[in-house]
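Each reported figure results from applying straightforward, stated rules to the coordinates on display, with no laboratory input. Everything quoted here is computed from the prediction, not taken from an experiment. Backbone-built Cβ (ideal geometry, glycine too); neighbour counts: all protein chains shown.
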Amino acid sequence: MRFFRRALTGLFLVAITLGLLAMAGNTIYGALQDRMADAGGGMPVRERVFAAEVATIALGTQTPILTAFGEIRSRRTLELRAPAEGMVIELAPGFEEGGAVAAGQVLLRIDPAQADSALASARTDLRDADAELADAARAVDLAAEDVAAARVQADLRARALARQQDLLARGVGSAASVEDAELAVANAGQAVLSRRQALAQAQARLAQADTALERRRIALAEAERARAETVLRAEFDGVLAGVNLVEGRLVNRNEQIARLIDPDALEVAFRISTAQYAQLIGAGAGLPAAPVRVVLDVFGLDLASGAVLTRESGAVEAGQSGRLLFASIDVPRGLRVGDFVRVELEEPPLDGVARLPATALGSDGQILVLGPEDRLEGVSVELLRRQGDAVLIRAPGLAGREVVLARTPVLGAGIRVNPIRDAGAGLAPAEPQTIALDPDRRARLIAFVEANGFIPADVKARMLDQLKEAEVPAQMVERIESRMGS
């Protein structure tokens, strides 16, 4: 019992000791919190200042460039179809894909044996009809002479009847003689009628022979035309495309065998939106004859040609929108029908506008200009055009103010910035980057360009000249190597 009582006393003392320690710790912690609260705030916070590229707004006259994409077409394209059926026995030397032909040149000949036989038969029939007409004319002449002879005999019979009647009146003749004379006159009249019927039949035969002769002449002309259609000639100077014909092949009449394209009469068809169309015509009532620049990107080189806006489509096709415009190309350098090109069209000039990088304009239609103490101010402007990475805005009253060229999420109205004023070069287009090539890489590029038969000769010469220089445009190298598969 004594041991049990001492153990309980020890536990009680330990519990009291732990409670006192906990209470002392809580008191010390509360005192520290009160002291920290009475000591005041922390260290003062300084205002953050951000760096920003700025440039001076310059108002002036800008000519917007409307950029679209279109397809090269030919104003003169002729479908070459087989004029007759039969076997092709001759082809022109240049009758192949991309072959150049001249106006009037014989392109192909079809076996004329059947046409020659039909032509010979038509000529023979014409000679037969001519002979038949001559025979019918002679028959008409003979029938006319028979009618004349019958009428002479009828006159003789009539005079004989008059003589018999006179004799009978004087008591010399007899009634029987008068009756015989009357019967002879009737027979002579019947003979005249028969000869006239024969003349009418001869004249009808002559008319039929003349009609048959005319028909034979028409048949001869048809046979001559069919014989001439065994030869196909070029209607104008051009190049051939879509050729699917070889010598010895059997062709059907009106079968398409190729297309003849005039390479000097090219145009570009491109579609713009209705809003762009309204901006293009401006206050005028018609489409202006504005200059157009047609650009074909060839391995990083711009193959450009000048053109003039000529017309617009008369109707909007089903499922389409906007307006389809056409521009006639002046000198189509290296362009071919079907090329997908970029079209740059000059719109009417705009006065009192400024050109800024597209990053300077926010989604809220505001730009940030530099105010007093280098603090930013948000100003609303009117967006007129987007020109690639730039925008054309109308900002009245902001001429000479400095604008932030690139807005970021940390920049806004009231923010103080550290302006960087040598960023004006950001408005100018960057120079094309060039790289140096090692000899093996240069040789591979040159060999690929020389072996490529689709590049126009003048463009190929320019590319080879650039590849032989110490510094080569990186974009051109990238384009060539992408087509090489490396």
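Across the range 217-265, the mean sequence separation of Cα contacts (distance under 8 Å, 6 or more residues apart), normalised by length, yields a relative contact order of 39 percent. May I ask for the net charge around Asp111, where only other residues with Cβ less than 13 Å from the Cβ of Asp111 are counted and Lys, Arg are +1 while Asp, Glu are -1? My count for the surroundings of Asp111 gives -2. Among the listed values [x] 167; [y] 508; [z] 180, the one computed from these coordinates for volume of the Cα convex hull per residue in Å³ is [y].
Our helix-only sum for the chain, with -39,500 (n - 2.57) per DSSP H run of n ≥ 4 divided by its residues, gives a mean residue ellipticity at 222 nm of -14000 deg cm²/dmol. Per residue, the average separation of C-alpha pairs within less than 8 Å and at least 6 apart gives the chain a relative contact order of 23 percent. In the chain, the DSSP beta bridges split such that about 95 percent are antiparallel, to the nearest 5.
With both labels modelled 7 Å from their Cα along Cα-to-Cβ, the Ala265 to Arg225 distance reads 2.5 nm.
The residues packed around Val417, meaning those with a beta-carbon under 12 Å from its beta-carbon, carry a net charge of -1 if Lys and Arg are +1 and Asp and Glu are -1.
Residues in the range 106-114 carry Karplus couplings, in order, of 6, 8, 7, 10, 9, 3, x, 4, 5 Hz; the curve used is 6.51 cos²θ - 1.76 cosθ + 1.60 with θ = phi - 60°, and Gly or Pro positions show x.
As a length-normalised measure over Cα pairs under 8 Å and 6 or more apart, the relative contact order of the range 183-315 settles at 12 percent. Peptides 164-173, 25-34 ranked from most to least packed give 164-173, 25-34, packing being the mean of other C-beta atoms within 10 angstrom over each peptide's residues. Computed over all pairs of different Cα atoms, the Kirkwood value for the hydrodynamic radius of the range 32-143 is 26.3 Å.
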